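First the structure, in the form of structure tokens, and then the observations on it.
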Amino acid sequence: MRDFNRPDRLRLNRLTDSQLVKAELDKSPATIPTEVLRGLLRVHCSMIGQNPKYLRYEQVLQHTYFTPLRRQRAVADALHLSWGSYRRFLRDARAVLTASLWEAECKLNTESPRVQAAQTMRLRTWLLITTTTAVVVLVILGGAAYLHRPRRPEENQAPGLASSTATAAPYEDDMRDVSGTQDLYLVGMEYLRERADPDFQRAIYYFHKSIQADPGNADAWAALAMAYAVWHVYSDNQIPDAHYSDALATANKAVALDPTQPLAHAVLALLHQEHWGWQEAQREYRLALRLDPDNADAQRWYAKYFWLTGNTRRALQHMRAAEVSDPLSNVNRAYLGRALTYAGQFNKAENQLRTGIQESPHFKLNYAFLAETHVALKRFAQALDDTEAARSTTDSQSGDLLLMESGIAEAGLGRTDLAKQVLLTLQKQAPANYVSGVLTARLYWAVGDKARCFAELQRAVREHDDKLVMLAGPDWADVRADTRFAAIRQQMGLPSAGHPVH
């Protein structure tokens with residue numbers, strides 16, 4: 001891409017020898033190869049933009065290479081991105097474009113030397129895995145007595161790269177011919193940004209491969225820690241602490257390799273926060289944001305910190321900062337809408353979330369947060385409309401949250417029996433799926449069973465449920481006013497209600 005507007009250098013680019021270029025030259029032999037290559041790059045860039053999740057990548061590539069401004073900083077300004085965010089998007093956009101070109105090359109000619117080399121490498125990888133598995137089985141059988149000896153408690157702790165189902169190779173047809181440590185890391189980041197349950201396993205696999213290629217790569221360790229730390233949020237069948245020990249070990253490893261790695265400090269902050277270590281979490285957040293003020297993930301997690309500790313004003317400030325750092329993120333735009341709701345700015349929240357629905361109609365979180373806003377305003381019929389509209393989307397996330405909002409809306413409309421049916425439907429998902437105690441608690445409150453509500457909240461605290469941030473919402477005001485709520489805050493290591501942590 002650096003040679004896109006430099007004909008002499010582009011002429012020497014190895015992509016001019018690709019099967020894609022040769023196929024186009026067969027159609028128009030008189031065409032200059034460099035012009036064919038430029039056209040292919042434009043086409044694949046446009047294909048990337050057809051996926052709403054990759055629209056920001058297309059915008060960065062278009063402004064940087066196809067309609068270039070004088071300076072890259074001018075591109076960042078034109079896209080309303082900070083310099084750090086722009087550089088990250090540009091790096092990742094190149095990786096996505098490379099993957100798109102490679103997939104097209106493979107489909108065009110499976111007999112090309114490069115494709116054959118990739119298939120050979122894939123075969124070698126699986127042979128190595130098979131051999132390694134056989135050796136491990138022999139070691140296990142031979143050392144059974146040793147493995148069953150009495151152990152000290154600390155020996156049972158999982159190491160940073162413990163053998164885990166998360167480290168298993170993805171399906172063979174999903175594997176890519178990637179070998180360089182930076183390329184492996186970028187492919188992992190591409191999957192991590194998908195925020196879907198199967199993609200987390202793929203992301204973790206590539207981060208492990210990157211670390212094996214370069215054990216000193218602090219960025220890969222930090223990204224691996226983030227994948228472990230947030231995987232449970234996007235999975236239906238994982239408890240909140242499913243990968244806590246792995247996340248903690250890998251984040252600490254990243255910091256040991258590079259004390260200035262901002263994402264690693266942000267992950268440590270999140271882990272402390274979810275285990276009610278408020279002072280440690282705040283210290284790590286401040287350090288992470290001092291190292292990288294444009295880290296949108298750290299800003300969003302810090303906003304959740306302030307929701308949990310009862311300071312909705314500070315939470316809104318950090319969600320605004322997250323949205324500025326990454327304005328094209330569906331997650332950040334949705335959470336900004338929630339932050340506006342929790343701050344009592346309902347009209348702005350509704351506008352923010354409706355805009356998100358218009359721009360990304362298949363992203364369910366916008367519908368869920370809009371229903372949450374309408375429930376807070378006691379517009380229960382509109383909340384039901386929001387949950388019904390979400391049914392037509394293809395996004396699999398936020399289904400349990402939407403289900404809960406529909407139950408609250410039914411109770412608000414006086415249809416308690418229907419609300420109880422929703423509660424029963426949610427509970428039947430266990431034990432196959434993890435059912436949040438926060439969601440069931442709110443439904444118990446809606447149907448008038450306050451004792452069960454607080455019992456479920458106590459369970460949520462014990463399980464370090466990330467949905468406890470919802471307690472900051474205006475719809476929970478009656479729950480917070482109950483005298484039993486003080487015990488919930490005490491269980492979380494917080495001061496009495498009405499005294500937010502600053």
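Among the candidates Ile211, Ile239, which residue alone is surrounded by 18 or more Cβ atoms within 10 Å (Cβ to Cβ) and of a type in the set (Val, Ile, Thr)?
Going through Ile211, Ile239 in turn, the sole match is Ile211.
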- Would you be able to tell me the number of residues in segment 224-235 that are touching a Ser or Thr at 6+ places or on another chain (Cβ under 7 Å), touching a residue at least 40 places away in the same chain (Cβ under 8 Å) and among the hydrophobic types (A, V, I, L, M, F, W, C)? 1
- Query: Mind checking which residues of segment 274-288 are outside any loop (DSSP other than H, G, I, E, B) and either on the phi > 0 side of the Ramachandran plot or of a type in the set (S, T, N, Q) (or both)?
  - Reply: Gln279, Gln282
- Message: Anything in segment 241-251 that is assigned to a helix (DSSP H, G or I) and either farther than 17 Å from Arg286 by Cα or of a type in the set (Lys, Arg) (or both)? List them, or say none.
- Response: Tyr244, Ser245, Asp246, Ala247, Leu248, Ala249, Thr250
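Give segment 423-436 a look and list any residue that's surrounded by 22 or more Cβ atoms within 10 Å (Cβ to Cβ) and either more than 20 Å from Gln458 (Cα to Cα) or of a type in the set (Gly, Ala, Ser) (or both), or say none.
Result: Ser436, single match.
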- All positions within segment 87-101 that are touching a His at 6+ places or on another chain (Cβ under 7 Å) and more than 9 Å from Tyr57 (Cβ to Cβ): Ser100, Leu101
- Is it true that Glu359 is over 13 Å from Arg442 (Cβ atoms), surrounded by fewer than 19 Cβ atoms within 10 Å (Cβ to Cβ), touching a Ser or Thr at 6+ places or on another chain (Cβ under 9 Å) and in the same structural domain as Asp465 (by TED's automatic domain parsing)? no
- Item | Cβ-Cβ under 6 Å pairs, at least 6 apart or on other chains, segment 188-204 side more than 22 Å from Lys364 (Cα to Cα) and assigned by TED's automatic domain parsing to the domain that holds Ala247, far side of a type in the set (Ser, Thr, Tyr) and buried (at least 21 other Cβ atoms within 10 Å of the Cβ) | Gly188/Tyr206; Arg202/Tyr191; Ala203/Tyr191
- Task: For segment 207-228, state whether one or more residues are within 18 Å of the chain's Cα centre (by Cα), in the same structural domain as Glu190 (by TED's automatic domain parsing) and among the β-branched types (Val, Ile, Thr).
- Result: no
- Query: What number of residues in segment 292-320 are hydrophobic (A, V, I, L, M, F, W, C) and at pLDDT below 95?
  - Reply: 1
- Tally time: how many residues in segment 448-484 are in a helix (DSSP H, G or I), more than 25 Å from the chain's Cα centre (by Cα) and in contact (Cβ under 8 Å) with a residue 24 or more places away in the chain? 10
- Query: Which one is farthest from the chain's Cα centre (by Cα), of the residues in segment 310-334 that are within 14 Å of Met470 (Cβ to Cβ) and surrounded by fewer than 24 Cβ atoms within 10 Å (Cβ to Cβ)?
  - Reply: Gly310
- Filter segment 236-263 for residues that are in contact with a helix residue (DSSP H, G or I) (Cβ under 6 Å, 6 or more places away or on another chain) and in contact (Cβ under 8 Å) with a residue 60 or more places away in the chain and give the result. Gln238, Pro240, His243, Asp246, Thr250, Lys253
- Given (1) modelled with pLDDT under 95; (2) crowded, with 22+ Cβ neighbours inside 10 Å; (3) closer than 21 Å to Asn295 by Cα, where does Tyr206 come up short, assuming only one miss? (3)
- Message: Looking at segment 419-431, I want the residues that are assigned by TED's automatic domain parsing to the domain that holds Leu403 and have a partner that is outside any helix (DSSP H, G or I) with Cβ atoms under 8 Å, at least 6 apart or on another chain. Which pairs are those?
- Response: Ala419/Val447; Lys420/Val447; Leu423/Val447; Leu426/Val435; Gln427/Val435; Gln429/Asp236; Gln429/Val435
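The values are calculated or read from the model by the stated rules, or taken from the named source; none is laboratory data. Since this is a predicted model, take the numbers as computed values, not measurements. So basically every Cβ, Gly included, is an ideal-geometry build from the backbone, and we count neighbours across all protein chains shown.
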